[in-house]
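Below is one structure, written out as structure tokens, with a few remarks after it.
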Amino acid sequence: MDASTMREAVVTDRDALQEFIDILSEYAPTIERDVARLRNHPTEPAVVGNLFRTLHNIKGDAALCRIEVAVAIVHPMESVLVRVRNGDLPFSDAIAEALLLTVDRLELAVERLSSGQSLAGLQLQLLIEGLEKLAAATPSGVGACVAAVVEAVTGNRPVAIPLMARETQRGQGDGYRSRAADDLLFFLTLANQFEMRSPRFEGRTMRILRLALETNQMAGDPIDPVQLEAGIYMHDVGMMFLPESVWLRASVLTPAEQRIMRAHPVHAAGLLSRMDGWSTAAEMVAQHHETSSGNGYPDGLKSEQICPGAKVLAIVDAFEAVMLKHAERGRKRSLLRAIAEVNACDQQFAPEWIEPFNQVIRRATENR
């Protein structure tokens, strides 16, 4: 399909379109689940196979329902997964981002077709062209391809830039980059172990990471993104040093249990501080439950004593917690409630970071 056809796609069979929308609504959660699994275990062939079959089925159903724009969107991403399945490309966070972006734009496209709206503004032609380049990319070129397509489609440069690229921008040596990358992989492994302790935690690390990095980016990147990434991975790992009967409970804690919970930032920060090069991340982790009013823990620090990374981490961590608490309301209502609660806590969070955070959330809702 050419660009004009993509923008002006016409529905000839509304019943078939609705059938495809219903099918897609069943497939999308399966894709998100398998992507989350592969992020934790990227070499599991069974999950890769499931993911490929799901995408292949979506393309087949789109063809049967004569939704040509959906076929055009899915086809190049299917080609990417063929290479992953065959071992030509390793599954990575970059490929995961490309896949989720594909599903997101596909859902938006069929929603607009259903309501009679134009597809202009979704940048579907740029998405397809970018995915075609990704399908032909070398393993070393995957990150750059995904970054380009995300920026072309959304208008925002992606925040999940590979560590090696970030460090190259800083002019660090190869030895430093390799060690830092190894450390970050270790931190991410610990975060994944934490998530696996409860279904309630699934996917939270990457959600918090994206939100924190985008908030930092919105403010002009005053915080070192690599240190912030490490802090995100490690901020709750200290809970695994505590009794599971305390931190895995969803019910209200007793005062004694609350005192036990307040030790978790110290444990994780202690681990980071003993590793060369991560003192900034350790400070973020140690302070992420401190508050501007001085009523936080573990040290009762006040606003000027709290490092910027900890202030950002506190906001996005609280946002994720409120989203989880109100999950039964549905995503849209949970989102509105979480934003309202974060903004109402002006004595708890740093006001200089609330506005960048709000801008990120506003941009995310506008892109949906």
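The values are calculated or read from the model by the stated rules, or taken from the named source; none is laboratory data. Note that the structure is a prediction, hence the values are computed from the model and not measured. Note: ideal-geometry Cβ built from the backbone for every residue, glycine included; neighbour counts use all protein chains shown. Accessible surface areas use protein heavy atoms only, side chains included; no ligands, DNA or RNA. Shrake-Rupley method; radii C 1.70, N 1.55, O 1.52, S 1.80 Å.
Values computed for the structure shown
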quantity: Filtered residues of region 4-24 (kept if assigned to a helix (DSSP H, G or I), open to solvent by 40 Å² or more (accessible area, probe 1.4 Å) and at pLDDT below 75); calculated: Ser4, Thr5, Arg7
quantity: Residue count for region 289-335, restricted to those that are in a helix (DSSP H, G or I), of a type in the set (Ser, Thr, Tyr) and modelled with pLDDT of 85 or more; calculated: 1
quantity: Identity of the residue in region 120-142, over 20 Å from Gly155 (Cα atoms) and not in a loop (DSSP other than H, G, I, E, B), that ends up most open to solvent (accessible area, probe 1.4 Å); calculated: Ser140
quantity: Candidates Leu64, Leu38, filtered to the one that is out of contact with any Ser or Thr (no Cβ under 7 Å at 6 or more places or on another chain) and at pLDDT 90 or above; calculated: Leu64
quantity: Residue list for region 194-227, filter: not in a helix (DSSP H, G or I) and not β-branched (Val, Ile, Thr); calculated: Met196, Arg197, Ser198, Glu202, Gly203, Ala219, Gly220, Asp221, Pro222, Asp224
quantity: Which listed residue, of Thr30, Thr102, Thr54, Thr43, is part of a loop (DSSP other than H, G, I, E, B) and under 24 Å from the mean Cα position of the chain (by Cα); calculated: Thr43
quantity: Residues located in region 256-287, provided they are of a type in the set (D, E, K, R) and touching a helix residue (DSSP H, G or I) at 6+ places or on another chain (Cβ under 6 Å); calculated: Glu257
quantity: Filter result (among the acidic types (Asp, Glu) and over 19 Å from Leu134 (Cβ atoms)) within region 57-79; calculated: Asp61, Glu68
quantity: Given (1) hydroxyl-bearing (Ser, Thr, Tyr); (2) surrounded by fewer than 17 Cβ atoms within 10 Å (Cβ to Cβ); (3) under 18 Å from Ala321 (Cα atoms); (4) within 18 Å of the chain's Cα centre (by Cα), number of the condition Tyr233 does not satisfy; calculated: (2)
quantity: Test: residue in region 72-85 that is under 24 Å from Ile23 (Cβ atoms), of a type in the set (Asp, Glu) and over 24 Å from the mean Cα position of the chain (by Cα); calculated: no
quantity: Condition check for Met275: surrounded by fewer than 24 Cβ atoms within 10 Å (Cβ to Cβ), in contact (Cβ under 8 Å) with a residue 40 or more places away in the chain and over 20 Å from Glu352 (Cα atoms); calculated: yes
quantity: Qualifying positions in region 228-258 - within 18 Å of Met275 (Cα to Cα), in a helix (DSSP H, G or I) and touching a Phe, Trp or Tyr at 6+ places or on another chain (Cβ under 7 Å); calculated: Ala230, Tyr233, Met234, Val237
quantity: Given (1) outside any helix (DSSP H, G or I); (2) of a type outside the set (Ser, Thr, Tyr); (3) more than 18 Å from the chain's Cα centre (by Cα), number of the condition Phe91 does not satisfy; calculated: (3)
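Yes/no matrix, rows are residues, columns are (1) of a type in the set (A, V, I, L, M, F, W, C); (2) in contact with a helix residue (DSSP H, G or I) (Cβ under 9 Å, 6 or more places away or on another chain); (3) farther than 18 Å from Thr30 by Cα; (4) surrounded by 17 or more Cβ atoms within 10 Å (Cβ to Cβ):
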position: Ala72; (1), (2), (3), (4): yes, yes, yes, yes
position: Pro76; (1), (2), (3), (4): no, yes, yes, yes
position: Asn86; (1), (2), (3), (4): no, no, yes, no
position: Leu100; (1), (2), (3), (4): yes, yes, no, no
position: Val103; (1), (2), (3), (4): yes, yes, no, yes
position: Leu106; (1), (2), (3), (4): yes, yes, no, yes
position: Ser114; (1), (2), (3), (4): no, yes, yes, no
position: Ser118; (1), (2), (3), (4): no, yes, yes, no
